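The values are calculated or read from the model by the stated rules, or taken from the named source; none is laboratory data. Everything numeric in this text was worked out from a predicted model, so none of it was measured. Cβ placement follows ideal geometry from the backbone for every residue including glycine, while neighbour counts extend to all protein chains displayed. All accessible areas refer to the heavy atoms of the entire protein, side chains included, with ligands and DNA or RNA removed. Shrake-Rupley method; radii C 1.70, N 1.55, O 1.52, S 1.80 Å.
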Amino acid sequence: SSNGGSATRRSRRTRSTSCCATTRRCSSPGAFLFLVLGAANHDPRQWGPTAGDLELDRAGAAGHLAFGSGIHHCLGAALARLEGRLAIGTLLTRFPRLELADEPTWSGRLTLRGLDALPIALSGRTGE
């Protein structure tokens with residue numbers, strides 16, 4: 001799916017230096033840049049032919065860009081990871097046979113990505 005990665009899909013920045021260390025492409029300082037962050041974690045040069053697939057055990061997954069990096073690293077990243085671990089772990093423990101009931105519906109917003117609907121079937125309920 002092309003919907004993985006950062007919730008922020010696009011951003012604009014003004015270049016402060018003449019060359020980008022990552023791409024080694026140069027432009028004039030002050031140039032306007034349009035960043036397509038939604039594509040950042042889908043680069044087959046970084047992640048191989050399955051770059052668009054969700055693989056929880058992917059080698060090198062800690063190198064993803066979903067929470068930004070450097071001085072732009074998300075302040076809430078640790079909390080988001082903890083919430084995800086607890087919520088998903090609890091949900092799967094309580095409903096071990098959780099499965100998609102239908103295809104997810106993506107919102108289609110240009111700036112922030114998210115789901116409008118995630119139909120799931122809850123079965124195999126454990127404990128009360």
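Residue by residue, here is whether (1) surrounded by 10 or more Cβ atoms within 10 Å (Cβ to Cβ); (2) not in a helix (DSSP H, G or I) holds:
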residue: Gly68; (1), (2): yes, yes
residue: Leu75; (1), (2): no, yes
residue: Leu79; (1), (2): yes, no
residue: Thr90; (1), (2): yes, no
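Within the range 100-119, the set of residues being assigned to a loop (DSSP other than H, G, I, E, B), over 25 Å from Phe67 (Cβ atoms) and open to solvent by 90 Å² or more (accessible area, probe 1.4 Å) comprises Asp102, Glu103.
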